[in-house]
């Protein structure tokens, strides 16, 4: 078995392996989606390794590039995302070999850590390879007044209302990053380029976008069997007046889409008095690569992270 880094020419065969292993229903698998995630990412191209046997790709392992920052220190990170072994070659340890090789390359390149939110089936395998649990992700829940509930005849056409100049957009993200730097916690630095890639041009998920000179909101409606959820994945604002504006906007969206609850990450930007929080999200795990002890210790405490749901949700 040969292991090598992928090239753009490998994309069609990579997609064949993903479809053979995971099927078509788990998520959209196309060249457009692959390029969106692994090539167009403003944090940089993904580290993608392939297992080759008899000139055929039998396994794929992708680490999507990401960044986390604490004060002025920026850490080069990866999200462990797309992985697949062709059904005819399972049981050969392909996943483990690809993952360990990717960690070796990342270490040589000076990258700092990998993070992800594995499910209960895959988590034991990650823990055996050195991943460590941080905690279940905290999510805040705001119930919506029943008079606004609707279960049918509700549009799921998500609009993108962007009413701000490039300069105001840039200023908003810079002010937010400066505010987060002063918190002393780990955060993903936001830029207009990142927000456009992550939410506005996302090839996998359509998002509701509300943007003005003072606020930026991204979210979507997630239907469940007995209720509808408005999930706010990004909420950016920096002033007290804007805090009020962003809360009003979210309340209006909840009414418009007839949801029963709104969910979002615990944040100083969103303060709804009739809301509660708990560890309702998936388990966040971390695999250190080139971390000093203080950095690793900090990352293993969820209280040292400040995040949006969009920073951590699988896509």
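No value in this document is a laboratory result; all are computed from the given coordinates. Everything numeric here is computed off the predicted structure, so don't read it as measured data. So basically every Cβ, Gly included, is an ideal-geometry build from the backbone, and we count neighbours across all protein chains shown.
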Alpha-carbon centroids, segment 98-124 and segment 247-300: separation in whole Å:
23 Å
Length-normalised contact order of the chain, Cα under 8 Å, at least 6 apart, in percent, tallies to 22 percent
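Counting only DSSP beta bridges with both residues in segment 139-278, tell me the antiparallel percent, nearest 5.
Of the beta bridges lying entirely in segment 139-278, close to 75 percent run antiparallel.
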Please label the shape of segment 1-44 as rounded, prolate or oblate, based on the square roots a ≥ b ≥ c of the eigenvalues of the alpha-carbon gyration tensor (a/c under 1.5 means rounded; beyond that, a/b larger than b/c means prolate, else oblate).
oblate
Note on segment 21-168: contact order normalised by length, alpha-carbon pairs under 8 Å, 6 or more apart, percent, works out to 16 percent
Taking a spot 7 Å from the Cα of residue 104 along the direction of its beta carbon, which residues of segment 37-63 have an amide N less than 15 Å from it?
49-52
Top mean-square fluctuation among 20, 203, 235, Gaussian network model of the chain, C-alpha springs under 10 Å?
20
Put one equal scatterer on each alpha carbon of segment 59-163, apply the Debye formula with no solvent term, and list log10 I(q)/I(0) at q = 0.13 1/Å to two decimals.
-0.73
Cα gyration tensor of segment 139-278 diagonalised, 5x eigenvalues square-rooted, in angstrom largest first, produces semi-axes 25, 17, 13
When the chain is fully extended, how far beyond the present Cα-Cα distance does residue 183 get from residue 276, taking 0.36 nm per residue of separation?
31.2 nm
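How much mean residue ellipticity at 222 nm does the chain get from its helices, if each DSSP H run of length 4 or more adds -39500 (n - 2.57) and you divide by all residues, to the nearest 500 deg cm²/dmol?
Helix-only estimate at 222 nm: -9000 deg cm²/dmol.
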To make sure I understand, if each residue's beta carbon is the centre and we count other beta carbons within 10 Å, what order do 176, 129, 64 fall in, fewest to most?
129, 176, 64
On full extension of the chain, what length is gained from residue 301 through residue 159, given 0.36 nm per residue of separation minus the C-alpha to C-alpha distance?
47.4 nm
Need the full-extension length gain, residue 2 to residue 224, defined as separation in residues times 0.36 nm minus the C-alpha distance. One decimal, nm.
75.6 nm
